[in-house]
Amino acid sequence: MALGIEIRRATHDDYEGVRSFTEDLWADRGGDYIPEIYHEWLEDDDEPKKTFLADAGDEVAGIVQAAMVSPDEAWFQGMRINPDYRRRGLSGRLNEACFEWARERGATVGRVMIFSWNAASLGAARTSGMEPITEFRFAHPEPDPDRRRPDPVSSDPAAAWRYWTHSDARDHLRGLGLAPEETWAVRELDREDFERFADETAVFAVARESGTAGASVRIRSTDRETDDGGTETWAEYGVAAWDDVDAARSLFGAIARDAAEIGADRTRVLLPETAEYVSDASYAGAPIAEEPDFVLGIDLASGGGESGE
């Protein structure tokens, strides 16, 4: 137990303490993003989120952020423990602070995304009572105004929603897709989301005489700083599901055209992590991420885990 360490709200004045132990994390994987976005990442008083910091006095021992992504869904992100304070139960204390905060705001479930290679974080999440829910992978089709589409693709939100609700992709993902509220978060998508995306961003439904054969939605586009100090625009697509490889080609074709139309430099499309979907995406010509991401969660209403069975 880490005695004498206070769990409190993180502030902008804590930046140097956070930077000092995070800037060298995961150097072999491109480094940690927290030092670069820390000041933007911290919440304003009116935002439905809170960043917790483990204060060891002269050092920052750990940090994590909790956010509400729907009226009853909480998201936990950015858990970092100072290497000098590991194996002292700090991740559990920070998680409990998040759980309590989320429960007070009406959350019945809390979730976290962990890179599949991050064994330490996976173990810490399970120790805190989280259970596996699902896994996904990103595809990155290149923006292309002339990308081929074997089938026509409509922008009908009702058709896209109906397909999504009956798809094996939705079953595998437990209804989760990228959350519009947070860049690196997922939540349950509903019919109102699809209707809103149709008005504000974009919805795609692969149309065949036999019925809809695929669906996706664009949830946002964001500008990110590059390593050389420039910026690039990412178009993000919250879910993707299809019947077969030709439907995948049509869907990725529509996504590539859409991304080009809005001036995006890069894309990411959330796919279920199954052999069929991942191999279909590659076969259809969409570059895919090297590794999947895992989603774990906890039932905050009863205090038990949200099972992935």
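The values are calculated or read from the model by the stated rules, or taken from the named source; none is laboratory data. Everything numeric here is computed off the predicted structure, so don't read it as measured data. A quick note on method: Cβ atoms are made from the backbone with ideal geometry, for glycine too, and the neighbour counts reach across all protein chains shown. Remember, those area values only see protein heavy atoms, side chains included, never the ligands or the DNA or RNA. Shrake-Rupley method; radii C 1.70, N 1.55, O 1.52, S 1.80 Å.
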Using a 7 Å offset from the Cα along the Cα-to-Cβ direction at both Thr226 and Ser155, what is the distance between the two label points in nm, to one decimal? 2.9
Give the accessible surface of the chain per residue, rounded to a whole number of Å², with probe radius 1.4 Å and ligands, DNA and RNA excluded. 46
Using alpha carbon centroids, what distance separates region 146-174 and region 192-215, in Å? 6
Separation between the Glu142 and Asp58 pseudo-spin-labels, each 7 Å from Cα along Cα→Cβ, expressed in nm? 5.4
What length, rounded to one decimal in nm, is gained on full extension from Ala120 through to Ala27, with 0.36 nm per residue of separation minus their alpha-carbon distance? 31.9 nm
Placed amide H near Arg208: partners under 5 Å, 5+ positions off or other chain: Ala213
Going toward the positive end of the dipole of region 234-309, with +1 on Lys and Arg Cβ and -1 on Asp and Glu Cβ, which of Ala256, Ala286, Trp242 do you reach last? Ala256
On the protein heavy atoms, probe 1.4 angstrom, tell me the percent of accessible surface of region 152-309 carried by carbon and sulfur. 41
Please give the calculated 222 nm ellipticity per residue for the chain, where each DSSP H segment of at least 4 residues contributes -39500 (n - 2.57) and the sum is spread over every residue; nearest 500 deg cm²/dmol? -8500 deg cm²/dmol
Quick one: length gained pulling Glu40 to Ser279 fully straight, 0.36 nm per residue minus the C-alpha distance? 82.3 nm
Relative to the chain, whose Cα atoms define the longest principal axis, helix 245-261 and its Cα axis are tilted in degrees, nearest 10, by 70
Quick one: angle between helix 90-104 and the longest Cα principal axis of the chain, in degrees between 0 and 90, rounded to 10, please. 70
When the Cα centres of region 238-309 and region 66-105 are compared, how far apart do they sit, in Å? 26
Just one of [x] 36, 21, 17; [y] 40, 24, 19; [z] 40, 27, 19 is semi-axes √(5λ) of the Cα gyration tensor in Å as worked out from the coordinates here. Which one is it? [x]
For the modelled label position 7 Å from the Cα of Ala289 along Cα-to-Cβ, which residues of region 129-146 have backbone nitrogen atoms closer than 20 Å? 131-143
R0 = 35 Å: FRET efficiency of Thr127 with Glu47, Cβ-based, nearest 0.05? 0.75
